[in-house]
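Accompanying notes for the structure given below.
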Amino acid sequence: QVQLVESGGGLVQAGGSLRLSCAASGRTLSNYGIGWFRQAPGKEREFVGAIRWSVGSTAYADSVKGRFTISRDNAKNTVYLQMNSLKPEDSARYYCAANRGGLSYYRTSYDYWGQGTQVTVAS
């Protein structure tokens, strides 16, 4: 089992920045992919980005590429989502998830999910 806890959400003005954290516990993540997803009211949960823990390779959705960056801290077993140049359309609940099979763009590939953290971007 892997437990995931997100933090760092909040209210920010358009153009601002936030850093979300995803703290993992339960087992080593060396072969896992950690993904970030978001879900706005009335919309499907969508892929934001992901990192392959073992090598640190990353992938991003086109909508956030160049603005968001994912990184990891091995010592803290934590993954970060740095969000810059935020837009109102980035407002959503953000979730991190763990995939035993590595990095994936697909929500259904992920085995464990956190409870999410709310991000609201005011215009």
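Suppose the Debye formula is applied to equal point scatterers at every Cα of the chain; what is log10 I(q)/I(0) at q = 0.11, 0.20, 0.22 Å⁻¹?
For the chain, the Cα-only Debye profile gives -0.31, -1.06, -1.28.
When the dipole is taken about the Cα centre of the chain, and only Lys, Arg (+1) and Asp, Glu (-1) are charged at their Cβ, what size is it in debye, to the nearest 20?
140
For residue 43 and residue 5, what does the FRET efficiency come to when R0 = 25 Å and r is the distance between their Cβ atoms, rounded to the nearest 0.05?
For residue 43 and residue 5, the calculated efficiency is 0.60.
If packing is taken as the mean number of other Cβ atoms within 10 Å per residue, what is the order of 84-96, 39-51, highest first?
Most protected by this proxy first, the peptides run 84-96, 39-51.
Which whole-number percent is the relative contact order of segment 54-103 (Cα, under 8 Å, 6+ apart)?
Contact order relative to length: 27 percent.
Restricting the count to DSSP beta bridges whose residues both fall in the chain, what percent are antiparallel, rounded to a multiple of 5?
Around 90 percent antiparallel, to the nearest 5.
What relative contact order, as a whole-number percentage, does segment 1-72 give when Cα pairs under 8 Å and 6 or more residues apart are counted?
Once normalised by length, the contact order is 21 percent.
Quick check: the distance between the Cα centres of segment 22-100 and segment 109-123, to the nearest angstrom?
Cα centroid to Cα centroid, the span is 9 Å.
Work out how much length residue 55 to residue 73 would gain on full extension: take 0.36 nm times their residue separation and subtract the Cα-Cα distance, in nm to one decimal.
Numbers: separation 18, 0.36 × 18 = 6.48 nm, distance 1.21 nm.
Taking residue 55 through residue 73 to full extension adds about 5.3 nm, to one decimal.
If you average the sequence gap of Cα pairs under 8 Å that are 6 or more apart and divide by the length of segment 34-123, what percent do you get for the contact order?
Computed over segment 34-123, the figure is 31 percent.
Quickly work out the residue 123-to-residue 108 label distance, labels modelled 7 Å from Cα along the C-beta direction, and quote it in nm with one decimal.
3.5
Values quoted throughout were computed directly from the atomic coordinates according to the rules given, and no laboratory measurement underlies them. Owing to the predicted nature of the structure, the values given are computational and were not obtained by experimental measurement. Here Cβ is always computed from backbone atoms with ideal geometry, including for glycine, and neighbour counts include all displayed protein chains.
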